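Read-outs throughout are calculated quantities, based only on the coordinates presented, and are distinct from any laboratory measurement. Treat the numbers as computed from the prediction; the structure is a model and nothing was measured.
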Ligand code: SF4
């Protein structure tokens, strides 16, 4: 958050840049005021911090009135006791990452990619520069760092696979190369654009340098207006980009985050259908080879190149039946239990859908968040954990996701289009006393092995994993009973 143009200030206030009233409230105190993005921990919002001489005070759930009181009480060169803070942290005076306070959510995991969230001004190149950004790394150095990197999230062309082989291939080819940042893949991607867009842009620019790309495209959902606005501002302010940046929005539908549908949207095609994938080919954007990666993947690249540390953390967003959602950054050795520590469940935790919209259902959270461990546990790796409270019904939950898949698929391939419709129907039959477990499993297998894109491959996972972990609940429904009491009548489910 430091601004080298304001060298004389002693105290700095960070206020949310997305809520009106805070700047005015904080002005007039003599402190400098920086507008920053969200931390990812919604329970703390709006968060105001006051910093001086290596000490930062936190004011969570702040109002403009409280911010004004804090500003009034800030005297001279210290933050002592101003405004009765929720936490005070001592830290290196020149830190460019949000200090870790003992506040729920912020104190979970290890914030590396998220370090600047809630601390640096999103569109300030000087803040990013002060954090060590705009690294002067050579292409071979970037590629060597990428050898440790796997794609993150369902919007990444190389989900859970190494990215570097594609990059070397693109560099060696004769075609032009476009770097496509797919920020349509989930809340963590949107958070990065919103709060630390320079981390994402730098990752994309490093990749462009490594492969000789002549274009960077940032693709985001049109629903993420603030994120789009911030990344546009950051792109305009980027210092010496290796390739020019375009920011393009697409429809907010979930399927529009699939990598090939993202390319269709960037090319301006209004009818979103997934493209066929060929194992040996990279996708194209217009006539250029397209390297499509999530905002998360590229932000991890930027931080890894800058720090020399392995990209060994994962961003996990916990949502669902919780007081408020949180996006945390965990070492891959941490478990899902640690992610749950970041939130307050609203009614106990019966289960969680782990891995994304079409994640895996489980009631066992002693599972590491590394992609291998999650895959071994038959869970998804997309970085989302949806909590289901004790009174939730997993049969109804699986049915809702099957209905969503039936309605939202792009229609291109039969296994997904017809499979999702049949799955919805078979799950409705359970409420009529017919639980055809073998038939559902066969259908699920067909969808997972024959669908063209990850939407269809993943769409049946909630049902399959719910049957494995909560089989007795399916049988109970076929007997006319919902163990959680959530399904009051069969008609409710039809
Ligand atoms: S899997 Fe579904 S979303 Fe993907 S191409 Fe087939 S019908 Fe479309």
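Over the Cα atoms of segment 420-494, what radius of gyration and what Dmax do you get, in Å?
Every Cα atom of segment 420-494 included, Rg and Dmax give 12.7, 38 Å.
Need one number for segment 313-389: average projected area of the convex hull over its C-alpha atoms, nm².
Averaged projected area of segment 313-389's Cα convex hull equals 4.0 nm².
For segment 146-192, how big is Rg over Rh, using alpha carbon atoms and the Kirkwood form of Rh?
On the way: Rg = 12.0 Å, Rh = 11.8 Å.
With Rg and the Kirkwood Rh in hand, the quotient comes to 1.02.
Sum -39500 (n - 2.57) across every DSSP H segment of at least 4 residues in the chain, then divide by the residue count to get the 222 nm mean residue ellipticity, nearest 500.
Working: 18 runs with 177 residues, N = 494.
So the helix-based figure for the chain works out to -10500 deg cm²/dmol.
Apply the Kirkwood formula to segment 6-104: the hydrodynamic radius equals the inverse of the mean of 1/r over all pairs of different alpha-carbon atoms; give it in Å with one decimal. Could the numbers behind the result be given before it?
Details: mean 1/r = 0.0760 Å⁻¹.
Radius from the Kirkwood sum: 13.2 Å.
Binning every alpha carbon pair distance of segment 320-445 at 10 Å from zero, what are the percents per bin?
The calculated distribution, bin by bin, is 12, 37, 33, 17, 1.
Among DSSP beta bridges whose residues both lie in segment 139-307, state the antiparallel percentage, nearest 5.
On the way: 3 of 21 bridges.
Just about 15 percent of them are antiparallel.
Any idea how far the Cα center of segment 112-169 sits from the one of segment 285-321, in Å?
6 Å
Suppose the Debye formula is applied to equal point scatterers at every Cα of the chain; what is log10 I(q)/I(0) at q = 0.06, 0.12, 0.13 Å⁻¹?
-0.29, -1.06, -1.20
Take every DSSP beta bridge with both residues inside the chain and express the antiparallel ones as a percent of the total, to the nearest 5. Show your work: numbers first, answer last.
Numbers: 31 of 59 bridges.
Percent antiparallel among DSSP bridges in the chain is about 55.
Distance between Cα centroids, segment 189-253 to segment 372-451: provide it in whole Å.
Each part reduced to its Cα centre gives a spacing of 33 Å.
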